[in-house]
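Report on the structure given below.
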Amino acid sequence: MNGEKALKSPAASAQGSSSASSALRPENRSLERLLTHGLLDHNSPIPLYYQLANALQRFVHMNPDPGETLLPPETSLAERLGISRPTVRQAFRWLAGHDLATRRRGRGTLIQPSATCCSTDLPIGDRDIHGDSPVGVGLLSAAARPVAGHVIEQARVSAGRFAIGDSSGDGNRADGEGPVHEVELPAFEIDATTVTVADFAHFVEATGYRTEAETFGFSAVFHLVVAADPADLIGRPSGTPWWLGVRGADWRHPEGPLSDVVGRNDHPVVHVSWHDAQAYCTWASRRLPSEAEWEYAARGGLDRRRYPWGDELLTTSGRWRCNIWQGSFPTANTVEDGWLTTAPVRSYEPNGYGLWQTIGNVWEWCDDIFDPLAYQRSGQRTAATPTPPRPSPRVLRGGSYLCQNSYCNRYRNSARSSNRPDSSMGNAGFRTVAR
Ligand SMILES: [Ca+2]
């Protein structure tokens, strides 16, 4: 791989590749954007074939055709990207080995989205795709939705008591996961899934709401998936350099202005701040869960267990039960669970109460102010704390597709994190509770 020539810059590629570009089918423009704007990095420790495979996989899941996607032939891709044909062939082999069925058809390669670890079932009714949606991202029109307002299936959680906190000894001391104590809660109804891209699009369509990421003009994107011109990269936090501030990243453009959410209607909406989640709740006559409600619902009736399904991370056959990170964080994700970033909200299996993916996929905002000493100060927490002055940090729960044991083991029922209420990022969303 060291002998391969350097990848052309986006500008150079655009100027000198008309014949190669024509090899890409019109519907593959999104793929071309993925591949020509910094996704492939010859200086990265991640093998090029693996970077390419991730790009192709992302493209498959972004494609508006949910059935099949015809990718350019190996030769065209190799010429377009300035890499060797064996590297391209290796990427296709990687995809074939990870349940993305691939086969040759004519001069292209046919790829079908994997059925492993995902379901495209929608919560309620049929959801048509409209390419001319007013929000411009191929989303559901208001007229096509079966019910106005919030339509996510509800899980009913009975009144009861449970042990909140870390009973397994895995907790992070600074997060305040202990001491474990009993909490009593009245019955409540909570969303079976996080709010999806389609759900949020309906809210925006009905209200004209602009998220804080849109207002501020940027949001945080994980470095391996950025789809933006270099001029739109506005820096990275020193403590977490895998996050990039990307101008133009928002819920419609999760990886940056050169990305979109086509084909991701059933993925969780991301790049929404706590304030944005509150705005959605106001429109939907809902509220965010308290963190006690969130944890009670996430446990699904299994007391003092590490995960919603029990204590073991994998099934007995070694299958993943949630969407987190496999490999070496933050540079090499082997994607054994099927997903580099977000998965559809109904992926894997629901817990005993019918909630999907409380663990992994995306962090979920809760109503509470984050206080690492809260469990020490209070024996019981039965409701959200009063609204404080801004910008007190707010609780995040459940972990995300970036969690990995070597760095962040917060993909557990009791794990706690937080962020400012005006912050947004590509791995945080929310679910709501009935008022
Ligand atoms: Ca994953």
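Here are the numbers for this structure:
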| quantity | calculated |
| --- | --- |
| Residues within segment 183-223 that are more than 20 Å from the chain's Cα centre (by Cα) and among the polar types (S, T, N, Q), tallied | 2 |
| All positions within segment 334-348 that are of a type in the set (A, V, I, L, M, F, W, C) and away from the ligand (no atom under 11 Å from the Cβ) | 345 |
| Single residue of segment 235-251 satisfying the filter (part of a loop (DSSP other than H, G, I, E, B) and touching a Ser or Thr at 6+ places or on another chain (Cβ under 9 Å)) that is surrounded by the most Cβ atoms within 10 Å (Cβ to Cβ) | 249 |
| So residue 148, is it at pLDDT below 95 and out of contact with any Gly (no Cβ under 7 Å at 6 or more places or on another chain) | yes |
| Hey, residue 366 surrounded by 24 or more Cβ atoms within 10 Å (Cβ to Cβ) and away from the ligand (no atom under 16 Å from the Cβ) or not | yes |
| Total residues in segment 179-207, condition of a type in the set (Asp, Glu) and buried (at least 17 other Cβ atoms within 10 Å of the Cβ) | 3 |
| Those residues of segment 309-333 which are within 14 Å of the ligand (Cβ to nearest atom) and assigned to a loop (DSSP other than H, G, I, E, B), in sequence order | 313, 319, 321, 322, 323, 324, 325, 326, 329, 330 |
| Check on residue 427, in the same structural domain as residue 251 (by TED's automatic domain parsing) and at pLDDT below 95 | no |
| Filter pass, residue 331 being modelled with pLDDT of 95 or more and of a type outside the set (Gly, Ala, Ser) | no |
| Any pair with Cβ under 8 angstrom, 6 or more apart, that starts in segment 287-309 at a residue that is surrounded by fewer than 22 Cβ atoms within 10 Å (Cβ to Cβ) and ends at one that is among the aromatic types (Phe, Trp, Tyr) | 300/309; 300/353; 301/353; 302/309; 303/162 |
| Filter result for residue 211 (surrounded by fewer than 17 Cβ atoms within 10 Å (Cβ to Cβ), within 29 Å of residue 286 (Cα to Cα) and of a type in the set (Val, Ile, Thr)) | no |
| Hits in segment 158-178 (condition: charged (D, E, K, R), exposed (fewer than 14 other Cβ atoms within 10 Å of the Cβ) and under 29 Å from the mean Cα position of the chain (by Cα)) | 173 |
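The values are calculated or read from the model by the stated rules, or taken from the named source; none is laboratory data. A quick note: this is a predicted structure, and the numbers were derived from the prediction, not measured. No Cβ is skipped: glycine too gets one built from the backbone with ideal geometry, and neighbour counts run over all protein chains shown.
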